[in-house]
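Taken together, the values in this text are just the output of simple stated rules run on the coordinates, not laboratory data. Note that this is a predicted model, so its numbers are computed, not measured. Neighbour counts run over all protein chains shown; Cβ positions are idealised from the backbone, glycine included.
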Amino acid sequence: MLKDEKAVVVFSGGQDSTTCLFWAKQTFKEVIAVTFDYGQRHDAEIDVAKEIAAHLNVPHHILNMGLLNQLAPNALTRTDIAIEEREGEPPSTFVEGRNLLFLSFAAILGKQYDARHIVTGVCETDFSGYPDCRDSFVKSLNVTLNLSMDHEFVIHTPLMWLNKKETWALADQLGAFEYVRENTLTCYNGVKGSGCGECPACKLRQNGLDQYVEQKGGDV
Ligand code: ZN
């Protein structure tokens, strides 16, 4: 029974991982959040993650992953690299190996807590060419983690097959629609809630929200 078990949630303070945090709280007995600090453009991201974890009463670990930025400079961490989308290749916000590393570290942390469940908000539906968001990658890594630590981890990906509209619907089902809308940070320009409205992350989030509100009858 999942209700008797513990889970570690990979948590950034954004819409997706906050929805996953609510999902995990409803699904498991005990939940631990882990946030990775890899020199994101905005320290605001870490602060938002701290606020949400504290508000939801979830123990929160912040792990320093500055190494990632050293290895793979990208537009999320470097202000001298523009955020752009290029036809046929991953956008400049792609961080090579990010989910490989994050999920591996989350599993190591989980084992210390005797937690075998790991929850991540990766999603193949709005797949913008990030290979380590694919379901096949997650399943493959799950096997590797189990072999590497002789443990029976289960990686959960509640958003894997949802589009943004459906992710808003899930937040609503979990009673977290307003909370996610107002308190999370998805925007590449570091603006909480509805964001700057201009960057690719804001546009994706807003499109999904508009579609969901329209489906509900425009009354949100
Ligand atoms: Zn934005």
Quiz item: If exposed GluC sites (Glu not before Pro) are those in a DSSP loop with at most 15 other Cβ within 10 Å, what is the longest stretch of the chain that has none?
Solution: 6-83
Practice problem: Please give the calculated 222 nm ellipticity per residue for the chain, where each DSSP H segment of at least 4 residues contributes -39500 (n - 2.57) and the sum is spread over every residue; nearest 500 deg cm²/dmol? | Solution: -13500 deg cm²/dmol
Exercise. Rank L56, L71, S140 by how far each Cα sits towards the positive end of the charge dipole of the chain (+1 on Lys, Arg Cβ; -1 on Asp, Glu Cβ) and give me just the farthest.
Key: L56
Quiz prompt | Cα-Cα over 23 Å, subset of K111/K139; K139/K192; K111/K192; K3/K111; K29/K192 | solution = K139/K192; K111/K192; K29/K192
Quiz item: Using the count of nearby Cβ atoms within 10 Å as a rough guide to exposure, how do M1, M160 rank from fewest to most?
Solution: M1, M160
Quiz item: Counting only complete DSSP H runs, which helices of the chain cover 20 Å or more along their long axis at the Cα atoms and score a mean Kyte-Doolittle of 0.0 or above?
Solution: 98-112, 135-149
Exercise. Once you've got the GNM for the chain with C-alpha springs shorter than 10 Å, pick whichever of D43, D150, D114 has the biggest mean-square fluctuation.
Key: D150
